[in-house]
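All remarks here apply to the structure that follows.
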Amino acid sequence: MTSNLTSGEQAAAAAVERSAATSQLRFATAGSVDDGKSTLVGRLLHDSKSVLADQLEAVEHASRSRGQEAPDLALLTDGLRAEREQGITIDVAYRYFATPKRRFILADTPGHVQYTRNMVTGASTAELAVVLVDARNGVVEQTRRHAAVAALLRVPHVVLAVNKMDLVEYAEPVFAAIAEEFTTYAASLGVPEITAIPISALAGDNVVTPSANMDWYGGPTVLEHLETVPVGTDPSQDPARFPVQYVIRPQTAEHPDYRGYAGQIASGVLRVGDAVTVLPSGRTSTITGIDALGTLVDVAWASQSVTVTLADDLDISRGDLIAPSDHVPQTTQDVEATVCHLHDRPLRVGDRVLLKHTTRTVKAIVKDIPSRLTLADLSQHPAPGELAANDIGRVVLRTSEPLALDAYDASRRTGSFLLIDPADGTTLTAGMAGDSFAASAQGAESARDDEGWDF
């Protein structure tokens, strides 16, 4: 097949094949209580030969002690004692496994409403979300909530796994009705790609091997889809964003004037010779060197941790953002965003918070909460006054210093932020910046100075 290729082209083709064979997919599972998420994950691990013998023996022993004849594969992921006693998932369980075609990082997230915040954690870095639905119950409110979270976090691929098909006699009309309802709802939220698969996690139908009980279904199994779904993006298609994490100044006899800026490239590609702008100061310079793990390179791309040197000695510190001068993000102190509230204490208008964006943390005030999303019909409840735990809504924030925010739909890394309680450092809210920013209110501001919060 490669006989007509030059040696260089053959080497490049071999590199592509190795990359395809070892590509990595991050995905999360979600669903309502007792939809069978942990059983699906256990079945996926078991049937793909990703369970060690001692792990399987421990699960078999635990299952026998609970009076079960067959191994309860859900115990492979429900590791907390409270989870096993209640038969539910509470914490996010991460599992790592691989097949000859791909490596996987799996986040098994909880199904209870009060643990939706954990689903946000698990799906925030996922490239695919598997949303389970019990074939007997169909789409329920928590299913809609998980679809909304997946859309909010811009998860590019969503799989609807209609589970427990064995309990509805593998009826195609049941699957078709659920798939139609979910697809219509998810598409209205802007989910770009939805794949529906009928399964029985307990029996193994369409999880790793095709089902003999559903000959009317001709699509892929869950594992086949996970192995073949496109992952990753071309970093050269995105503008470079380099949040500075640490300034390196050894000031030794060997390096008396060295000044390097260390961090992880959030998006795009950096090259030696690129003209760059440092935000929020707006000062410009040129990249003179890139150090990747002790090796000088001419180019580096997203997710690499590097140290960058510039032609000019600029006042740069942790939290500053280095970006190409021809693709500079807008800086603003007025942030309008969609958020998912994670804490038990409600988020209210007037709250003083810390806003953490990439490596930068600034003070902020919640100026307004314009609306809260009603999941049942996707309507907006205007002026709710506060957001309770697991609520999804819009907020308007005023920050003490300018932020270089991208729109979240353009960059998941530089379009996201966290709201933090300044008193104890607790994470309150996960936010996704919108395409536009609201102008600050022109009305009279409060005259009080709350320990430096008046800005």
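The values are calculated or read from the model by the stated rules, or taken from the named source; none is laboratory data. Remember, it's a predicted structure, so these values are computed and weren't measured experimentally. Note that each Cβ is placed from the backbone with ideal geometry, even for glycine, and that neighbours are counted across all protein chains shown. To get the accessible areas, we keep the full protein, side chains included, count just its heavy atoms, and leave off ligands, DNA and RNA. Shrake-Rupley method; radii C 1.70, N 1.55, O 1.52, S 1.80 Å.
Overview of values
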{"read-out": "Three-way shape label, the stretch 144-264, alpha-carbon gyration tensor, a/c 1.5", "value": "prolate"}
{"read-out": "Accessible area (Å², 1.4 Å probe, nearest 10) - SER23", "value": "20 Å²"}
{"read-out": "Solvent-accessible area, 1.4 Å probe, carbon plus sulfur percent, for the stretch 249-370", "value": "46 percent"}
{"read-out": "The stretch 242-369 shape via C-alpha gyration tensor axes, a/c threshold 1.5", "value": "prolate"}
{"read-out": "Per-residue SASA entry for ARG43, accessible area with 1.4 Å probe, Å² rounded to 10", "value": "40 Å²"}
{"read-out": "Protection-proxy order for peptides 153-160, 206-213, each taking the mean of Cβ atoms within 10 Å per residue, highest first", "value": "153-160, 206-213"}
{"read-out": "Förster-model FRET efficiency, 51 Å R0, THR284 and GLU141, C-beta, rounded to 0.05", "value": "0.50"}
{"read-out": "Accessible surface of VAL366 - all protein chains present, 1.4 Å probe, nearest 10 Å²", "value": "0 Å²"}
{"read-out": "Largest to smallest accessible area among TYR408, TYR258 [probe 1.4 Å]", "value": "TYR258, TYR408"}
{"read-out": "Å² per residue, accessible surface of the stretch 198-260 at 1.4 Å", "value": "53 Å²"}
{"read-out": "Overall form of the stretch 223-310 per C-alpha gyration tensor (a/c, 1.5; a/b vs b/c)", "value": "prolate"}
{"read-out": "Largest to smallest accessible area among LYS164, LYS101, LYS367 [probe 1.4 Å]", "value": "LYS101, LYS367, LYS164"}
